[in-house]
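The values are calculated or read from the model by the stated rules, or taken from the named source; none is laboratory data. As the structure is a prediction and not an experimental result, all values here were calculated from the model. With ideal geometry, Cβ positions are generated from the backbone for all residues, glycine too; neighbour counts draw on all protein chains shown. Please note that ligands, DNA and RNA were not included when accessible areas were found on the heavy atoms of the full protein model with its side chains. Shrake-Rupley method; radii C 1.70, N 1.55, O 1.52, S 1.80 Å.
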Amino acid sequence: RLRWARGFRCPKCACAKGWRTADGRWSCSGCARKVSVTAGTVFDRSRIPLTEWFVAAWYMTNQKHGVSALGLQRLLGLGSYQTAWTMLQKLRTAMVRPGRDRLHGPVEVDEAYVGGIEQGVRGRGTEYKFIVAIAVEVLSPKGFGRIRLGRVDDVSGASLVPFVSAAVEPGTEVRTDGWKGYNGLSGQGYRHHAINVSASGDPAHVSMPAVHRVASLLKRWLLGTHQGSVTAEYLDAYLNEFAFRFNRRHSRRRGLLFLRLMEHAVVTAPTRYRPSRSNCQTRNHNI
């Protein structure tokens, strides 16, 4: 029902007529192609039963702070840590809805630094931490709306301005600190409001409370659920999960999160994952 809401549709010839075969696949009456309902989705060619995928998705969306691969391995009784890790990575990929709306209203934008501790180095001068750009809708009279997160290579305008363009609707008021990397926003059609934090007399978390609150929650989540052992290669997937969960934090029915994830999963192209050796070594040490 989620894959073909309006009935069967052959991915090859677009024929709307077909029948279900004894092996559970569908046969197109137009081109006779055999089609699996999971083909071309996150579940494509998976040897894990769909029932276990559903358990993983339900557990992932209903735990307040998410779930680690080790926790999922124990829950499903999987013999391989890599299998649990791959399942979670694929579900994280599906947490980004294709063609999602960009942020509106006043939006705060800043960067945060996550990763290992580098002694004696703070702020934009660090070289060993990962840089995460954060955009947060600011509601009136108070409160925060949706967020967007993305890993950027550096804090130059060449990295920050494209992130804002992809995350925020043009014409929106964008509030940033006085960092020069945001100077190009006005030329991209945004109403750029730069806040001189040092001249305001207020600490950064008071001048720009939204992005600092989100950054604090993100760091706490990475350190708590994942023990901080997130590599740069897969950081975007973890950011997708955090944003998915944060943007639906007011949902009263947790089952809706599961439904949304399944809706995204059937329209997300399959991706092949293989944990890096350093990732597996870190996880095995934690085990």
*Distance violations [Cα-Cα > 27 Å] among Lys17/Lys90; Lys129/Lys180; Lys90/Lys219; Lys90/Lys180*: Lys17/Lys90; Lys90/Lys180
*Against the longest principal axis of the chain, how steep is helix 235-247, in degrees 0 to 90 to the nearest 10, with axes from Cα atoms?*
90 degrees
*If you rank Tyr113, Tyr190 by how much accessible surface each has, with a 1.4 Å probe, what is the order from largest down?*
Tyr113, Tyr190
*Give, as a single signed number, the net charge of other residues whose beta carbon lies under 14 Å from the beta carbon of Gly79, with Lys and Arg counted +1 and Asp and Glu -1.*
+1
*Would you work out which of Leu160, Phe258, Ala135 lies farthest towards the positive end of the dipole of the chain? Charges go on Cβ: Lys and Arg +1, Asp and Glu -1.*
Phe258
*Area of Asp101 that stays accessible when all protein chains are in place (1.4 Å probe, Å², to 10)*: 90 Å²
_If I compute solvent accessible area with a 1.4 Å probe over the protein chains, what percent of it on the stretch 36-119 is carbon and sulfur?_
52 percent
*Can you give the relative contact order of the stretch 140-277 as a percent, counting alpha carbon pairs under 8 Å and 6+ residues apart?*
21 percent
*Please list Leu88, Leu78 in order of solvent-accessible area, largest first, computed with a 1.4 Å probe with all protein chains present.*
Leu78, Leu88
*Taking H placed 1.01 Å from N in the peptide plane, check which residues at least 5 places from Gly145 or on another chain put their amide H under 5 Å from its amide H.*
Glu137, Val138, Leu139
*Reported label for calculated semi-axes √(5λ) of the Cα gyration tensor in Å given (1) 28, 21, 18; (2) 38, 24, 16; (3) 32, 25, 15*: (2)
*Could you go through the stretch 43-52 in sequence order and give the Karplus-derived ³J(HN,Hα) for each residue, using 6.51 cos²θ - 1.76 cosθ + 1.60 with θ = phi - 60°, rounded to whole Hz, and x for Gly and Pro?*
8, 4, 6, 7, 8, 7, x, 4, 4, 6
*Segment Arg151-Cys15, length gained on full extension (0.36 nm per residue, minus Cα span)*: 44.9 nm
_Relative contact order of the chain, defined on C-alpha pairs under 8 angstrom at six or more residues apart (%)_ = 22 percent
*Counting only C-alpha contacts under 8 Å and six or more residues apart, can you give the relative contact order of the stretch 1-68 as a whole percent?*
15 percent
*Cα centroid distance between the stretch 239-254 and the stretch 1-47, in Å?*
31 Å
*Quick one: which residues, 5 or more positions from Val35 or on another chain, have an amide H under 5 Å from its amide H? H modelled 1.01 Å from N in the peptide plane, none for Pro or chain starts.*
Trp26, Ser27, Cys28
*J(HN,Hα) series, the stretch 169-175, from Karplus relation 6.51 cos²θ - 1.76 cosθ + 1.60, nearest Hz, glycine and proline x*: 5, x, x, 7, 6, 10, 9
_I'd like the orientation of helix 81-93 relative to the chain: the angle between its Cα long axis and the longest Cα principal axis, in ° from 0 to 90, rounded to 10._
70 degrees
*How far, in degrees from 0 to 90, does helix 277-286 lean away from the longest principal axis of the Cα atoms of the chain, to the nearest 10?*
90 degrees
*Specify the residue with the greatest mean-square fluctuation among Trp58, Trp19, Trp85, computed from a Gaussian network of the chain linking alpha-carbon atoms under 10 Å apart.*
Trp19
